[in-house]
1. Find how much the distance from residue 67 to residue 36 grows on full extension, using 0.36 nm per residue of separation minus their present alpha carbon separation; answer in nm with one decimal.
2. Summarise the long-distance tail of P(r) for the range 111-217 by giving the % of C-alpha pairs beyond 25 Å.
3. Fully extended, how many nm does the chain gain between residue 75 and residue 91 (0.36 nm per residue separation, minus their Cα-Cα distance)?
4. Among 201-212, 181-192, how do they line up from the highest to the lowest mean number of other beta-carbon atoms within 10 Å?
5. Roughly how many Å is it from the Cα centre of the range 157-205 to that of the range 1-55, as a whole number?
6. Using R₀ = 51 Å, calculate the FRET efficiency as 1/(1 + (r/R₀)^6) where r is the Cβ-Cβ separation of residue 214 and residue 110; round to 0.05.
7. Would you calculate the separation in nanometres between label points at residue 226 and residue 163, each defined as 7 Å from the Cα along the Cα-to-beta-carbon direction?
8. Given a Förster distance of 25 angstrom, what is the FRET efficiency for residue 127 paired with residue 8, based on the Cβ-Cβ distance and rounded to 0.05?
């Protein structure tokens, strides 16, 4: 199993342990049927009895919860145990052929309780599964509950803003200097105490340029919702931004005029 986004090395290690423990359990249980292959489908459990779990033999299964893709399952992953116990669960689908092996829930549980070693392996499998999903939840919440404001540090050459990204923060350069770069061409400079990244927030457009640190920088980042609230209560900040943007536009116009001016030999 793995997340749709990049997952940590710890999560990959836990996923590998889960596959190993699943193999220990399933190799000691007689399958309910011969392995079978299904084509692309939005619900692989549509015609599967509710008391059966499925082991992925080959291919990839996508897991959706509330129409959101939350997990990919691969060879060695066991699917459907919560379903077999009438617990809430999402939907398993596949975009290509997948080979599966069915096991009866009661046979798996009976094997898990057959001796002390099996009980320990079963408990370890459940604990590894809990730990994996705890890590996944932490990774998901990390982006949702990010600090409302934070101090960030960038070394020379590091990217502060990426061109094309969604504008979710406004920045103030506290220390250092940075360059604004559009399509690989330097189009401006940012100096200490300058606010940047606000235009895309106001226009609700993707970032029109990247900002790259030209020296070691310290930056204050504020989420766009709080920056807008701040402007509503401190309109002088907005006036300063307008003056700054007007100066930049004037500078760019002058550059454009120089480029268009006829060259004298």
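1. 8.5 nm
2. Counting pairs separated by more than 25 Å, the tail of P(r) holds 44 percent.
3. 4.0 nm
4. The peptides rank, most packed first, as 201-212, 181-192.
5. Answer, in whole Å: 45.
6. Between residue 214 and residue 110 the formula returns 0.15.
7. In this crude spin-label approximation the distance works out to 3.0 nm.
8. Calculated transfer efficiency: 0.90.
Computed from the coordinates by the stated procedures, all read-outs in this text should not be read as laboratory data. Just so it is clear, the structure is predicted and the values come from calculations on it, not from any experiment. All Cβ positions, even for glycine, are placed from backbone atoms using ideal geometry, and neighbour counts span all protein chains on display.
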